[in-house]
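Read through the structure below, which is laid out as structure tokens, and then see the notes.
The values are calculated or read from the model by the stated rules, or taken from the named source; none is laboratory data. Being a predicted model, the structure only gives us computed values, none of them experimental. Quick reminder, even Gly has a Cβ in these numbers, built from the backbone with ideal geometry, and neighbours come from all protein chains shown.
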């Protein structure tokens with residue numbers, strides 16, 4: 001079951017792996033599945049893509065029975081709208097369906113390195129010293145342009161800024177008017193937009209919930225409901241706080257993100273020049289962009305990797321991002337809109353290394369300069385472009 005943001009390319013991706021494609025949002029194709037889904041499914045050559053499967057939700061029961069009857073893994077591919085997540089029938093898939101998240105096109109894919117190992121796999125395997133930056137790594141203005149361009153395929157592959165802007169405006173309208181209504185027809189799209197805009201202004205930050213719903217002029221109950229809806233739509237994410245028995249007084253508040261960086265420009269009405277004039281917004285955009293590039297790396301990782309953030313309650317120490325694996329090892333990340341970082345910029349990383357010892361697999365200070373270099377033991381400063389930089393031939 002492929003899930004993810006609207007227009008991330010789920011159906012396009014699934015088609016590449018399917019022998020038979022069934023569009024269940026077309027009555028002529030859905031009729032047989034409404035009449036007898038078991039018979040209709042059995043007649044198709046696998047792998048079968050069932051697109052918009054939630055239009056005939058009983059098909060999930062048929063897939064359950066086919067899997068129980070020893071259907072080959074990968075026989076059925078499911079794509080559909082976000083409302084599918086709300087259907088009670090979804091529970092029939094428990095233990096039979098693997099849920100995969102598909103995000104937009106990350107820069108590594110656009111630069112033709114999609115077959116390389118996950119960035120997290122490389123770092124956890126001890127390759128921090130081998131990470132290289134591309135020869136054409138952008139400068140700060142270039143990173144801003146890439147972030148505001150966006151990751152969704154219709155944005156990332158569109159050369160015209162005007163077309164991108166109009167497409168994104170329509171995309172946001174459809175999310176708030178149509179997709180939100182599919183999940184709950186009682187949502188107020190105007191209030192939802194205000195809340196999303198307030199959240200976008202605070203992306204990559206730890207912000208009190210009351211600050212958000214006061215800024216949007218909505219009540220707390222509505223704000224809680226909006227949070228759930230926006231996360232269901234893969235528009236926003238709450239990154240949980242990391243906890244360790246070795247550290248005391250860690251904050252439990254989540255860090256909030258908008259998942260598509262281009263929406264920052266559209267919802268806040270800013271361009272690259274406005275971002276450059278606003279240091280706070282610049283930092284938030286760069287942080288949001290880096291995390292957007294790392295989410296697909298989580299999905300591509302060979303071993304489950306969970307993402308968190310770290311902050312002491314006092315605010316004295318914090319790390320923008322923590323990646324943890326089941327063996328307890330962690331990678332820590334700091335993200336700076338700075339082209340010439342120094343060791344002092346990695347103070348939180350060196351502090352964490354000292355606190356947790358061997359559990360610390362490595363620390364990365366992402367920056368906007370041109371070259372990678374070592375800052376301290378297990379801690380490197382890497383240009384953000386290393387996320388899509390050259391991969392050694394051994395891989």
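Say we look at the range 112-132 and pick out the residues that are closer than 14 Å to residue 383 by Cβ and touching a helix residue (DSSP H, G or I) at 6+ places or on another chain (Cβ under 6 Å); which of these is surrounded by the most Cβ atoms within 10 Å (Cβ to Cβ)?
119
Can you confirm whether the range 254-262 contains a residue that is more than 24 Å from residue 148 (Cβ to Cβ), in contact with a strand residue (DSSP E or B) (Cβ under 6 Å, 6 or more places away or on another chain) and modelled with pLDDT of 95 or more?
Yes, the range 254-262 contains at least one residue that is more than 24 Å from residue 148 (Cβ to Cβ), in contact with a strand residue (DSSP E or B) (Cβ under 6 Å, 6 or more places away or on another chain) and modelled with pLDDT of 95 or more.
Working only within the range 70-103, note down all residues that are within 23 Å of the chain's Cα centre (by Cα) and modelled with pLDDT of 75 or more.
Correct list: 77, 78, 79, 80, 97, 98, 99, 100, 101, 102, 103.
Which pairs have Cβ atoms under 7 Å, sit 6 or more apart or on different chains, and link a residue in the range 59-73 that is on the phi < 0 side of the Ramachandran plot to one that is modelled with pLDDT under 90 and assigned to a loop (DSSP other than H, G, I, E, B)?
Partner pairs satisfying both residue conditions: 63/96; 64/96; 67/96.
Scanning the range 48-69 for residues that are within 25 Å of the chain's Cα centre (by Cα) and in a helix (DSSP H, G or I), which turns out modelled with the lowest pLDDT?
This residue is 54.
Considering the range 290-318 alone, what residues qualify as being free of Cβ contacts under 8 Å to residues at least 40 places away in the same chain and either in a helix (DSSP H, G or I) or under 21 Å from the mean Cα position of the chain (by Cα) (or both)?
304, 306
Which count do you get for residues in the range 238-257 that are assigned to a loop (DSSP other than H, G, I, E, B) and over 22 Å from the mean Cα position of the chain (by Cα)?
Qualifying residue count for the region: 7.
In contact with a helix residue (DSSP H, G or I) (Cβ under 8 Å, 6 or more places away or on another chain), crowded, with 23+ Cβ neighbours inside 10 Å and not in a loop (DSSP other than H, G, I, E, B): does that describe residue 285?
Spelling it out, residue 285 is indeed in contact with a helix residue (DSSP H, G or I) (Cβ under 8 Å, 6 or more places away or on another chain), crowded, with 23+ Cβ neighbours inside 10 Å and not in a loop (DSSP other than H, G, I, E, B).
Let me confirm something: among 7, 40, 31, which residue is surrounded by fewer than 21 Cβ atoms within 10 Å (Cβ to Cβ) and outside any helix (DSSP H, G or I)?
7
Within the range 19-28, work out how many residues are in contact (Cβ under 8 Å) with a residue 24 or more places away in the chain and surrounded by fewer than 19 Cβ atoms within 10 Å (Cβ to Cβ).
Final tally of qualifying residues: 5.
So which of 329, 295, 325, 316 is modelled with pLDDT under 95, under 25 Å from residue 238 (Cα atoms) and surrounded by fewer than 22 Cβ atoms within 10 Å (Cβ to Cβ)?
Unique residue meeting the criteria: 316.
So, in the range 203-226, of the ones that are within 19 Å of the chain's Cα centre (by Cα) and surrounded by 19 or more Cβ atoms within 10 Å (Cβ to Cβ), which residue ends up modelled with the lowest pLDDT?
Looking at residues that are within 19 Å of the chain's Cα centre (by Cα) and surrounded by 19 or more Cβ atoms within 10 Å (Cβ to Cβ), I get 226.
For the range 194-237, enumerate the residues that are touching a helix residue (DSSP H, G or I) at 6+ places or on another chain (Cβ under 6 Å) and part of a strand (DSSP E or B).
Passing the criteria: only 236.
Taking the residues in the range 351-384 that are in a loop (DSSP other than H, G, I, E, B) and in contact (Cβ under 8 Å) with a residue 40 or more places away in the chain as candidates, determine which candidate is surrounded by the most Cβ atoms within 10 Å (Cβ to Cβ).
Filtering the range 351-384 for residues that are in a loop (DSSP other than H, G, I, E, B) and in contact (Cβ under 8 Å) with a residue 40 or more places away in the chain, the one surrounded by the most Cβ atoms within 10 Å (Cβ to Cβ) comes out as 368.
When the residues of the range 238-252 are narrowed to those that are in contact with a helix residue (DSSP H, G or I) (Cβ under 9 Å, 6 or more places away or on another chain) and in contact (Cβ under 8 Å) with a residue 24 or more places away in the chain, which ends up nearest to residue 298 (Cα to Cα)?
239
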